[in-house]
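I have placed the structure first, in the form of structure tokens, so that the comments after it can refer back to it.
The values are calculated or read from the model by the stated rules, or taken from the named source; none is laboratory data. Computed from a predicted structure; not experimentally measured. Ideal geometry is used to build each Cβ from the backbone, glycine not excepted, and the neighbour counts take in all protein chains shown. Heavy atoms of the whole protein, side chains included, go into the accessibility calculation; ligands, DNA and RNA do not. Shrake-Rupley method; radii C 1.70, N 1.55, O 1.52, S 1.80 Å.
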Amino acid sequence: MTQKTSIPKGTRDFSPLEMAKRNYIFDTIKEVYALYGFQQIETPALETLQTLMGKYGDEGDKLLFKVLNSGDYMSKLTDEELQERNSLRLASRLCEKGLRYDLTVPFARYVVMHLDELQLPFKRYQIQPVWRADRPQKGRYREFYQCDADVVGSNSLLNEVELMQIVDTVFTRFKIRVLIKINNRKILSGIAEVIGEADKIVDITVAIDKLDKIGIDNVNAELRAVGISERAIEKLQPIILLEGTNREKLSTIAEVLASSETGLKGVEETRYIFNMLEKAGLNNEIQLDLTLARGLNYYTGAIFEVKALDTPMGSITGGGRYDDLTGIFGMPGLSGVGISFGADRIYDVLNTLDLYPKESVKGTKLLFINFGEKETEYCMPIVDAARKEGISTEIYPDKVKMKKQMSYANAKNIPFVVLAGDNEIAENKVTLKDMKTGEQQILTVQDMIRKILE
């Protein structure tokens, strides 16, 4: 019995049509990144586990795909280790490499390794797949692409402002209405201070980051579960449920954090970003969201998240400042800030809202019917002439029934077909058929090209 073929859960094949749509996304993002002076790099799919482990928190470490060492990797294990069946300990002995979890940590490693070659501030973008051993569900895959832009070597908040302009420009080009949410980890640290739980900042941010998904009651239950006092939880409620304009929220939270130097620094940074963006003038709404925490431990300043307004979907873009990231590779003090577009989720949003431009999914525009060797020899220079004019052109490779060749054109949505038999060859012309209207015209090669390019 033939075994049924399959692919791993959480991964996908992409058809030519799907690839055309995905390339539209990648090309649009690349164009905008380049518009703002960012340069492209790539890093390996495999990184050492020494590079990856400990950079994403305990939850992130659990989602790393580890790769078995090559060769006889079992030979170095003792019988006691095998009998113990401790999977974590075995993995540390059997695996030295893993698939990258994101593009930011590999980028930090790249900066440390290539610092002497870089002009600081270094503005890079990177569009590559990443892998996470997560539970697959709608909008969440085990293999997916990220489209990152980062600036390292500059503490200026103008970098945050520029990244938000990039976000706004990209989604304006996609015609996706979005809400850009901004917060600051210093504000969150200040909140933890003033409610008397400064040492529980990670637990607090992990819990309140889930507010949209699980609601306030469940957030409070999580806070209790990690040892946050009832008094602290009570103080937290009006803060995370704060409403009003961005200016009003900033004024209120500044009063609440009056005793926290760190918190006030976060308010000052956030106010500057909002003021500059107001002057820049954006097409999409920007909102201060004090519940936004971003789960990753390496963020230290401004944090961002973007959600589509016209379709239910999780975050489609996120990022923030990570002043201490390169410090974990032995290079403290090199500040960085970045964003990451979730290409797969953007793909789903564009599909749901049917926002792909027609030209983004164009394929072959012109097909030459194959009537035989003589006719093919006549058509070859014409095929070449069409391609030189930028017309995507095919000649059917086999001499088969015309019905089959026309079915091929219909299946691929090819709008024009050329027929060239004895009569056309004698007149040094071709018959051009419009597959949509069924209209046929006998034309010179120049007129045919003009007609298609209209």
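Net charge near Q441, counting Lys/Arg +1 and Asp/Glu -1 over other residues with Cβ under 15 Å of its Cβ?
That sum, taken over residues with Cβ under 15 Å, equals -1.
Determine the alpha carbon to alpha carbon distance for each of K213/K307; K55/K181; K181/K210 and list only those over 19 Å.
Check vs 19 Å cut-off fails for K55/K181.
Quick check: residue separation of K62 and K213 times 0.36 nm, minus the Cα distance between them. What number comes out in nm?
My answer for the length gained is 52.2 nm.
For the range 366-453, calculate the relative contact order in percent as a whole number, restricting contacts to Cα pairs under 8 Å that are 6 or more residues apart.
Relative CO of the range 366-453 lands at 29 percent.
Quickly rank 52-62, 352-362 as a protection proxy: mean count of other C-beta atoms within 10 Å, highest first.
Final packing ranking: 52-62, 352-362.
Using the beta-carbon distance between Q441 and K4 and R0 = 45 Å, what value does 1/(1 + (r/R0)^6) give for FRET efficiency, to the nearest 0.05?
0.35
Students often forget the sequence filter, so: which lysines lie under 18 Å Cα-Cα from K62 once same-chain residues fewer than 8 apart are removed?
Result set, ordered by chain and number: K9, K97.
First select every other residue whose beta carbon is under 11 angstrom from the beta carbon of G372; then total the charges, Lys and Arg +1, Asp and Glu -1.
The answer is -3.
Indicate the gyration tensor shape class of the range 324-409 (rounded, prolate or oblate), computed on the Cα atoms with a ≥ b ≥ c the square roots of the eigenvalues: a/c under 1.5 is rounded; otherwise a/b larger than b/c is prolate and the rest oblate.
Prolate, because a/c is 1.5 or more and a/b exceeds b/c.
How many nm is it between the label spots at M276 and E42, if each spot is 7 Å from the Cα in line with the beta carbon?
3.3
Quick check on packing: order 444-453, 304-313 by the mean number of other C-beta atoms within 10 Å, highest mean leading.
The peptides rank, most packed first, as 304-313, 444-453.
Taking all protein chains in place and a 1.4 Å probe, what share, in percent, of the accessible surface of the chain do carbon and sulfur account for?
On the chain, the fraction of accessible area on carbon and sulfur atoms equals 50 percent.
Between N69 and D310, 0.36 nm times their residue separation minus their Cα-Cα distance comes to what?
82.1 nm
Could you name the lysines in cross-link range of K403, using Cα to Cα under 25 Å and dropping any fewer than eight places away on the same chain?
K362, K365, K374, K412, K429, K433, K436, K451
Using a probe radius of 1.4 Å on heavy atoms only, what accessible surface per residue do you get for the chain? Whole Å² is fine.
52
Using per-residue counts of other Cβ atoms within 10 Å, averaged over each peptide, order 254-262, 285-293 from highest down.
Peptide ranking by packing, descending: 285-293, 254-262.
Is the shape of the chain rounded, prolate or oblate, going by the alpha carbon gyration tensor and its root eigenvalues a ≥ b ≥ c, with a/c under 1.5 for rounded and a/b larger than b/c for prolate?
prolate
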